Every structure is written in structure tokens, then in C-alpha cells.
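K.L.:
First the structure, which I've put down as C-alpha cells, then a few questions once you've had a look.
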Amino acid sequence: MEKALFEEILSRVQKPARYLGTEWNSVKKNWDRVAVKMVFAFPDLYEVGMSHLGLQILYGLVNREADYLMERVFAPAADMEAELRRRGLPLFSLESRRPLADFDVLGFTLPYEMTFTNILNMLDLAGIPLRARERADTHPLVIGGGPAVYNPEPLAPFFDAFVIGEGEESLLEVLQAIKQVKEREGRPERPALLERLGEIPGVYIPGWYGVEYTEEGRVRRVFPVKPGAPERVRRRLLKDLNGAYFPEAPIVPLAEAVHERGMVEVFRGCTRGCRFCQAGIIYRPVRERDPQVLQHQAGEIVKSTGYDEVSLVSLSSLDYAGLDELLPSLRDRCSVTRTGISLPSLRVDSFSVRVAGNLPGVHRTSLTFAPEAGTQRLRDVINKGVTEADLLEAARAAFEAGWTALKLYFMIGLPTEEQADLEGIADLVRKVRQAGRDVFKGKKKVRLTVSAASFVPKAHTPFQWEGQVPRETLEARHRFTANLVRRSGADYHWHNIEISFIEAVFARGDRRLAGVLEEAWRRGCRFDGWTEHFKFSLWEESFKAAGLDPRFYAGRRLGYDEVLPWEVIDSGVDRRFLIREHRKALAGETTPDCRFAGCAGCGICPGLGVSPRLVGGGERKFTEEQP
Amino acid sequence: MPKYRIAYAKIDLARFLSHLEVLRTLNRALRRSGLPLAYTEGFNPHPKVSFGPSLGVGVAGLNEYFDLELEQAVPLKQSLDRVGRQFPQGLVAKAMAALPPFASGLSRVIDCAWYRVALPPQAVPDGRLRLLKDLRESAEPWLRKRQKDGKVFDVKRGILDGRIVPRPQGAVLDLLVKVGEGEVPLRLVLEALWEKLGGAEPPLPAMVTRVGLYRLRGGQLVTPLGETRGLWEE
Ligand code: SF4
């Protein structure tokens, strides 16, 4: 885009810094000197996307290769969208301000279901046909990755291919394949290109599969329509994080991002085994990075970015076996530059609080704990290994360390939930308050906030067969709990129920939902994860127009014998393990973490030829320790 | 501990950064530069840096300033280079000076600013002349209300001087306006001017450049680096 025009547009939008593309450590390569050009598309605002570790990893990984370039684009805010549409301008990449249609590959990351309408909007703004089969050879290849590809079916008609699993492992193979085909054929034909991509493990080409439905509207079967297409596509993963690429010079955002800090990834995967949690399945097994590697990376990141904080990220960083070794050395390194150290989330125990309290840097004014459920019975059902004693000790430790504000996360509508479980939430609140009184003896006032989400059944989890409680019931339960909690002296906030409902629809949806998605986008749905932008009535209209009932998707309890639309994707975790876990949940039985109690038999390690890697233990130390 | 003043420009696409974004960006550049920064005490130490008057989103600045404190004295030229290399595109380190002990802070040495506004092509020469005449000679106030709190400003009292310079296309309007005491928000100044000129659309901030910041002393302008300038002397 011409600069004068660009400046004119920038003058008319909020936070133009989102669109400049001149960030420190951003990379602008010579367009004519690289073989394959890819744009990484994040279907949410700049400030959300720039806090996303996956973007930083893939951006660095691709751009260090001489043959490829990767630029960025984020979902434009409404004002920018209006400016582009008014002038008939296409959506452009940040670095070289080129139309997305000029790239060979347009790669969307799919962070969560509620970004799906933004994807359609970005395709449309780019002037690329929404449906893969309508695209010509001249259009970029539209591919998707990230956590939501574990059920890509509602998006299937819009994508040429999905890359399942950890992109560090497969993305360069994808780009290399495109390079080879381009070298051979100049402007490659789409089918030839897909043919070649389909040979790469972990690449799912939705156009190669057909779906048959039963009369009641369930999926009867998903089958390859193209000879040679695999029955199921198995995810890719890194065996070992130590040798894996990690960005030591990440892009430093210009417009303020949600998280403004350097990130080191202490480990990937989590086997605590919460039964509602998708991340706990799709990133298995646990693979820890060595403290020396992390220490080095943190040092480089501080040097190259100037951040005043480094965060030790993972699904549960306090579980990191190398913490005792890492923290002192990291603290030394950071003291010179007065760099703070932070943990994104805490475990519910006093140890976590003590660790957090001793970290240098700005301390958040409140601490957050996630007991998730109000009674031990229900916590056993969901396999959240947290007891009331853990929570009260953690709270006491927090108060003793001077924190006066605590936030507690709960989930409403969990399988088997009863009134006693909701009352249990208020009960916990009262006990935490009492702990505060005991510690402060009236000298300081304690502020407690309960933040309550609604349960959303997710594909590939033991709870994938469970339905979501009807909206009216969910609302009644939230009101009931809110009332009790407020009387116990805490604030109660609940997430928008309609958003959780639509999320549940798509989380377990099939291909027919693509039509709903398109209707919703045409009616103006954007940024559906943002309460202030979410328009439920438009969604209701869209379901009606497509002739589908959203309750069928969100609320139905599925049978073990049913074909699940997302099972064409193989997470590596055995279906029988999920069934076992689901049955144990209903019986109130827990399953311990395989890191500490021996293999729970989820199937991923033998199936994918990997094993948990823990600091100090090398591989599979846990099996030797098994009782 | 030794103190320094650095002059920088905010130009090109960086003009679209907000004051806060510039602050954060330059703070990180300083941290990367490896200069021996002095930090504040306490739980949340941050470098001792203080910035001059803020500059809005879209407005360019040719000579902006910040002061910083270091742990030890450093060579000027070399340090300026070191810092400048860490500035992202559009932010340019221009000069660095050591401050004497007990030097006044930026808010004390700045009381006016030179803004240059690109006039819209619709503003015909006639209109421009009338504007200047009105600005200089008429005693009538230009009252404008600020949206957010309803406070009323006399725009004219915030303007110390003005001139119009013809350009191959259109013209630019130079304004010397008060900063700090008696300051009128730039947006109100522009709105008032546009109304006088009969501009169709409210002016965009990107039409504005802050050429310099000064202290007015005996009819002369003194920059925060201590240089003396005549009026409209770049
Ligand atoms: S296969 Fe066993 S050891 Fe490996 S992640 Fe699953 S439960 Fe843990």
C-alpha cells in the first residue's frame, strides 16, 4: 500500500500502532529473494496476538531460513475494517504492507473457537474466496494450526489444509514442499500442491474426506474420498524441547499487548489430568527444558528486548522439576538489569505462594487460585487434585505474605454437579475469609472475588461425551451461587453464558456448522469472544437460516459407540483411556499424575514413540519410582 | 549521579505512537543499550528517566527530549550512538548533553512549542490572510469547549505568534503556543483554526509537526539543550 494512503488511514483509526509493523525485532525481508512467502494470521486483535508464544516461535523459526519469509497480520478492529472496505482496499501484512493474496501461504492460528468469524472476515477482506474449492491456483494456500485444529470440522470447507500438532516440527516441511513444487512448476496447480502436502505427516486436508450423517443428524462416518488419504491424521510433536528452536529475539509490541514480557517455556504438556481440560490431552507428554537452556534463553531475551519482566510459561510452571536450580541463577542474572520474574498461574498450595512471593519484580495486587469446584466430591470427579486444606493453606500463606486480594476460579455446570457443590463454593469463600481474619486480626480488609466460567465440553477430553447444561439451568445456577457467594462477602462474576454456549457448539461441531459460521459472519458477527462485540441474536438467526439446532451440538450427551466428527484427528491419546477416565469421573475416582505416580496408560508414549522428560530424571524416571 | 538530556525525533510512521507507547519503547531501548542506568529504589525498580511534554498520536516531533540518570559518567558521542542504535524505525536519537548538578527538569525549561500545520488545499490565500489578521489584531476571544469536561478555553490566549508559509502545494501554518501554564489543548487550537479557514473536515493530527520546544526568554527562544534560537529559526 502506498505510504500517503496508509498514513491517511492510520490517522483515522484507534491505536494505529497496531498496524505499523515497525516493531523492534520484526523482520522485513527482501521480497524478491525468497522462494516461499507466508503470512501468519492471528484472528484476534494485535494486543492479544502479540502475547501469543506460538506466533513468536514460528515467526523466528521461519525467518531464520534464507528461503522463506513470514510476515504478520491480525484481525483488524472495526474502525480499520471500515476504512479498508470504504476504500476497497485489501487486508495487508504488517511488515511489507502487501495484500495477503500476494503470499504463497496464509496461515491462521486457531487459538479458540470464538475467533472463527474473524477468520472468514479476514479472508473476505483479503479478497480470497471463503471456500477452498472456489480458490484458483493464483490464490494463497490457506492453512490452519493451533489448539482449535483438534476439532477443525466446522472450518473444514474454508481451509486447504490443517497442520496438526506442534508447528516447530512440521511447518518447515510444509514450506519446503511448496518450494519444491514451485520450482518444478512455476505457478503450481492447487491439486498438485495439496498432493505433495498430504504426504507430510500431521497434515490434514479436509477436502479429501467425506462425511455421512444419520437421520437424527449424528455423524455416521467420516471417510477418505481420495485414494491414499489416511484414515486418521496424527499430531506431530517434539520429542525433546532442549534442542528445539526458541525465539531469543522476539518481536517487541508497539501497541500495548495483553502481556508485555519476555517468555521462556519451561515445559510443554501437563499430565495432572483435569478431565475437562483439552490442553492436558493435546500437549502430552510432559517435556521439560533444562534449567541451563532456560537460563541462557532468558538472558538473551532480556538483552534483545529490553523487557523488564520474564515470565516462566507453561500449563503449570510450579510443577517444573528444575525450579530449585533455575530460580536462584535466574534471579542473579535478572538483578543486574532489575528484571522481574513472573509465573503466569499459581498452583493451589502454600509452596506456590512462597515461591511467587520471593520473585523479584512487580507483584500483582491480587493472587489467583483455581479450585474449579466447590466440594471434594466434585473435585474428584474432575480430577482436580486440590483439597480444601490446600486452598486454605495457600490463602493463609498469601495473607501472611501481605496479599489482601484473592481471586478464585470456579466452573459451573460440571458433570454430576449438585446444589451442594454450589453451596460448597460459598462455603470455601467463607473459610478463606476467616483465614484472612485470623491473619490480619482486623488490621486489613480482605477482598475476595469469585470468577465463574461455565463448563464447555471439549473434543479429545474425557468429558467430550458430556453435554453442556441448558442455558436456563446454567443461568439459574450462576444466580444461585452468586447470591450465596455475595452473602459470604465476595464479589461474583460470571462469564457470558451465551458465549460459552456457542463455544460448546463449535467445540464439538461438525462440518454442517460451516454454513452457520458463514451466515453469522455475513450478519456482522466479529470478535465473538469479546462480550461487548458478541451478538447472540445474530447467532440465533444464523442457526435458523442454516436449519440447525445449536442445542443438539452443545447439550447432547454422546454415546461411546458414536462416531465423533473430530476423531479424524488423532491426538495420540487412546480413546479407551478417555472412556476409562470418563467412567472413573462418574464414579468419583481420581487418577494421579503420571509424572509422579507411574504411567496412567493414556497411550501417547508408546503410540508416538515419546516419553515424559523431566529435569534430573532423564527419561521415564517415574517408571522406576513406581511402587 | 550524572544526569543527561537526550534530544530525539518522532517521525515517519512512529508519529502514530501515543505518548505512552513512545515512553515504553524508549525505556526498552535504553535497557537494551547497556548504558549504566540508575534505577529507582524499592520493590519495583525502574530506570530514572523523565520525558518532556507529551505528543499526541499522529503528531510528529522533530526535537523532543528526555532526561536520564546514570550510575556513572559516559562519553557523550559514543553513548548517543549506542542508544540510537536501539531505537526502532521512526524514532531518532539526535543529541545528548550532560546536565549540571541541580539542573532544572524539562517541565521547568519548556514553556512554549512551535507547531507546524499543513493547511488544507481548500484554505484559499484570502482566508489564510484573514486568519492571521484575526489572530494578531482582533481582540475577540476564540472560545472552544473541551468535550470531556466542558471546560472552556480562549484558544487565542494560548497562541503566542503565528505565520503562514506558502508551499508549492497549499501552505503551512506555523504557530508558537504556550506549554504548561496557559496551555490550550492542541486539538482545540486546530479545531478553532479550521473553523476560521472553513475546512470541511476536522484536521487530522498527522497534518501537525512539533518543530521544537523552548523557553521564551527576552524575546528569544532557548532550547532545552541551552541553544538560543530566533523565532521560526529551525
Ligand atoms: S503414556 Fe503414560 S507416561 Fe506417557 S503421558 Fe500417557 S500416562 Fe503419561
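The values are calculated or read from the model by the stated rules, or taken from the named source; none is laboratory data. What you see is a predicted model; the values in this text were computed from it and never measured. Glycine gets a Cβ as well: all are built from the backbone with ideal geometry, and neighbour counts include every protein chain shown. What goes into the accessible areas is simple: the full protein's heavy atoms, side chains included, and nothing from ligands, DNA or RNA. Shrake-Rupley method; radii C 1.70, N 1.55, O 1.52, S 1.80 Å.
K.L.:
Stretched out fully, how many nm does the piece from A:ILE579 to A:ASN358 gain, at 0.36 nm a residue minus the Cα gap?
P.N.:
Details: separation 221, 0.36 × 221 = 79.56 nm, distance 4.19 nm.
Extra length from A:ILE579 to A:ASN358 when fully extended: 75.4 nm.
K.L.:
Is it possible to state the helix-based mean residue ellipticity at 222 nm for chain B, with each DSSP H run of 4+ residues giving -39500 (n - 2.57), the sum divided by total residues, to the nearest 500 deg cm²/dmol? What is it?
P.N.:
Values: 6 runs with 57 residues, N = 234.
Mean residue ellipticity at 222 nm (helix-derived): -7000 deg cm²/dmol.
K.L.:
Would you give the gap between the C-alpha center of the stretch A:270-327 and the C-alpha center of the stretch A:31-67, rounded to a whole Å?
P.N.:
22 Å
K.L.:
Next question, about the same structure. Specify the angular offset, from 0 to 90 degrees and rounded to the nearest 10, of the alpha carbon long axis of helix A:78-87 from the longest principal axis of the alpha carbons in chain A.
P.N.:
Taking the Cα atoms of chain A, the angle to A:78-87 is about 10 degrees.
K.L.:
Under 15 Å from a label point 7 Å along Cα→Cβ of A:ALA401: give me every residue in the stretch A:323-361 with its amide N that close.
P.N.:
So the set is A:324, A:327-328, A:341-361.
K.L.:
Mind jotting down the three principal axis lengths of the stretch A:3-234 based on Cα atoms? Whole angstrom, largest first.
P.N.:
Its Cα atoms span 54, 43, 31 Å along the three principal axes.
K.L.:
Here's a follow-up. For A:ARG12 and B:LYS94, FRET efficiency with R0 = 35 Å and r from the beta-carbon atoms, rounded to 0.05?
P.N.:
Values: r = 30 Å, r/R0 = 0.85.
Step by step, r from the Cβ atoms, then E = 0.75.
K.L.:
Any chance you could run the full-extension gain for A:GLU65 through A:LYS29? It's 0.36 nm times the residue separation minus the Cα-Cα distance, nm to one decimal. Could you put the intermediate results ahead of the total?
P.N.:
Numbers: separation 36, 0.36 × 36 = 12.96 nm, distance 1.09 nm.
This chain segment gains 11.9 nm when fully extended.
K.L.:
Cα convex hull of the stretch A:283-385: mean projected area in nm², to one decimal? Kindly include the intermediate steps, with their values, before the conclusion.
P.N.:
Working: hull surface 30.5 nm².
With the hull built on Cα positions only, its mean projection is 7.6 nm².
K.L.:
Just to verify a number: FRET efficiency for A:GLN419 and B:GLU71, C-beta to C-beta distance, R0 = 60 Å, to 0.05? Mind dumping the intermediate values first?
P.N.:
Working: r = 63 Å, r/R0 = 1.05.
Computed FRET efficiency for A:GLN419 and B:GLU71: 0.45.
K.L.:
Any idea how far apart B:ARG136 and A:ASP102 come out in nm if each label point goes 7 Å out from Cα toward Cβ?
P.N.:
4.8 nm
K.L.:
Using only alpha carbon pairs under 8 Å that are at least six residues apart, calculate the relative contact order of the stretch A:302-424 and give it in whole percent.
P.N.:
Values: 155 pairs, mean separation 31.1, N = 123.
Relative CO of the stretch A:302-424 lands at 25 percent.
K.L.:
Under a Cβ-Cβ cut-off of 12 Å, what is the net charge of the residues other than B:GLU191 that fall near it, where Lys and Arg count +1 and Asp and Glu count -1? Before the final figure, lay out each step's value.
P.N.:
Details: positive: B:ARG144, B:LYS145, B:ARG146, B:ARG187, B:LYS196; negative: B:GLU195, B:GLU201.
For residues surrounding B:GLU191, the net value is +3.
K.L.:
Each residue of the stretch A:473-480 in turn: what ³J(HN,Hα) in whole Hz from Karplus with 6.51, -1.76, 1.60 and θ = phi - 60°, glycine and Pro shown as x?
P.N.:
Karplus-based 3J(HN,Hα) across the stretch A:473-480 equals 5, 4, 5, 4, 5, 4, 4, 4 Hz.
K.L.:
Cα centroid distance between the stretch B:179-234 and the stretch A:505-563, in Å?
P.N.:
54 Å
K.L.:
Using only Cα atoms, tell me the angle between helix A:291-305 and the longest principal axis of chain A; keep it within 0 to 90° and round to the nearest 10.
P.N.:
Computed tilt is about 60 degrees.
K.L.:
Mind listing the long-range amide H neighbours of A:ARG72? Cut-off is under 5 Å, sequence gap 5 or more, other chains count too, H placed in the peptide plane at 1.01 Å from N.
P.N.:
A:PHE40, A:LEU94, A:GLU95
K.L.:
What is the average number of partner chain Cβ atoms found within 10 Å of a Cβ in B:13-20? All intermediate terms of the calculation are to be shown ahead of the outcome.
P.N.:
Values: counts 11, 4, 5, 14, 7, 6, 0, 3.
If you average over the peptide's residues, the count of other-chain Cβ atoms is 6.
K.L.:
For the stretch A:410-513, with only Lys/Arg (+1) and Asp/Glu (-1) charged at the beta-carbon, what is the dipole magnitude about the Cα centre, in debye rounded to 20?
P.N.:
Working: 18 positive and 13 negative charges, 163 e Å.
So the magnitude is around 780 debye.
K.L.:
Residues of the stretch B:22-57 that become at least 10 Å² less accessible with every protein chain present than in their own chain isolated, using 1.4 Å: which are they?
P.N.:
Buried on complex formation: B:ARG24, B:THR25, B:ARG28, B:ARG31, B:ARG32, B:TYR39, B:PHE43, B:ASN44, B:PRO45, B:VAL57.
K.L.:
In percent, what relative contact order does chain A have, based on Cα pairs under 8 Å that are 6 or more apart in sequence? Walk me through the intermediate numbers first.
P.N.:
Numbers: 1189 pairs, mean separation 86.3, N = 627.
So the answer I get is 14 percent.
K.L.:
Give me the one-decimal nm value for the distance between modelled label points at A:ALA136 and A:THR368, 7 Å along each residue's Cα-to-Cβ direction.
P.N.:
Computed distance between label sites A:ALA136 and A:THR368 equals 4.8 nm.
K.L.:
Now a separate question. Taking beta carbons within 10 Å but only from partner chains, what does the mean come to for residues A:253-266?
P.N.:
2
K.L.:
Same structure again: Could you please state how large a percent of the accessible area of the stretch B:110-224 is carbon and sulfur, counting protein chains only and using a 1.4 Å probe?
P.N.:
Numbers: 3070 of 6120 Å².
C and S atoms contribute 50 percent here.
K.L.:
I've got another one for you. Using modelled amide H (1.01 Å from N, peptide plane; none on Pro or chain starts), what sits under 5 Å from the amide H of B:LEU99, excluding residues fewer than 5 places away?
P.N.:
Amide H to amide H, under 5 Å and 5 or more residues apart or across chains, B:LEU99 pairs with B:LYS3, B:TYR4, B:ARG5.
K.L.:
Further question: So, with +1 on the Cβ of K and R and -1 on the Cβ of D and E, and no other charges, what is the size of the charge dipole of the protein assembly as shown about its Cα centre, to the nearest 20 debye? Walk me through the numbers before you get to the answer.
P.N.:
Values: 122 positive and 112 negative charges, 373 e Å.
It works out to roughly 1800 debye.
K.L.:
Taking every pair of distinct Cα atoms and averaging 1/r, then inverting, what Kirkwood hydrodynamic radius in Å comes out for the protein assembly as shown? If you can, show how the numbers build up before the last one.
P.N.:
Numbers: mean 1/r = 0.0332 Å⁻¹.
For the protein assembly as shown, inverting the mean 1/r across all distinct Cα pairs yields 30.1 Å.
K.L.:
Then there is this: Determine the principal axes of the Cα atoms in the stretch A:1-107, then give the extent along each, sorted from largest to smallest and rounded to whole angstroms.
P.N.:
Largest first, the stretch A:1-107 extends 37, 29, 22 Å along its Cα principal axes.
K.L.:
For the stretch A:364-411 and the stretch B:14-35, compute the distance between their C-alpha centroids and round to whole Å.
P.N.:
If you average the Cα positions of each part, the centres end up 39 Å apart.
K.L.:
Have a look at the DSSP beta bridges in chain A and tell me what percent are antiparallel, nearest 5. Before the final figure, lay out the partial values.
P.N.:
Values: 13 of 59 bridges.
Roughly 20 percent of the DSSP beta bridges within chain A come out antiparallel.
K.L.:
Within 10 Å of each Cβ of B:141-153, how many other protein chain Cβ atoms are there on average?
P.N.:
Values: counts 0, 0, 0, 0, 0, 0, 0, 0, 0, 0, 0, 0, 0.
For peptide B:141-153, the averaged partner shielding equals 0.
K.L.:
Hey, another quick one. Please give the length that would be gained between B:GLU183 and B:LEU20 if that part of the chain were fully extended, namely 0.36 nm times their separation in residues minus their C-alpha to C-alpha distance (nm, one decimal). It would help to have the intermediate numbers written out before the result.
P.N.:
Details: separation 163, 0.36 × 163 = 58.68 nm, distance 2.02 nm.
Length gained, B:GLU183 through B:LEU20: 56.7 nm.
K.L.:
What distance in nm lies between label points placed 7 Å from Cα along the C-beta direction at A:ALA78 and A:ASN242?
P.N.:
Between A:ALA78 and A:ASN242, the label points sit 5.2 nm apart.
K.L.:
Separate question: So what is the accessible area of the stretch B:110-224 per residue, in Å², with the probe set to 1.4 Å? Mind dumping the intermediate values first?
P.N.:
Working: 6120 Å² over 115 residues.
About 53 Å² of surface per residue is accessible.
K.L.:
When ranked by the protection proxy of mean other Cβ atoms within 10 Å per residue, highest first, what sequence do the peptides A:309-316, A:150-157 form? Show your work: numbers first, answer last.
P.N.:
Numbers: A:309-316: 22.0, A:150-157: 24.0.
Most protected by this proxy first, the peptides run A:150-157, A:309-316.
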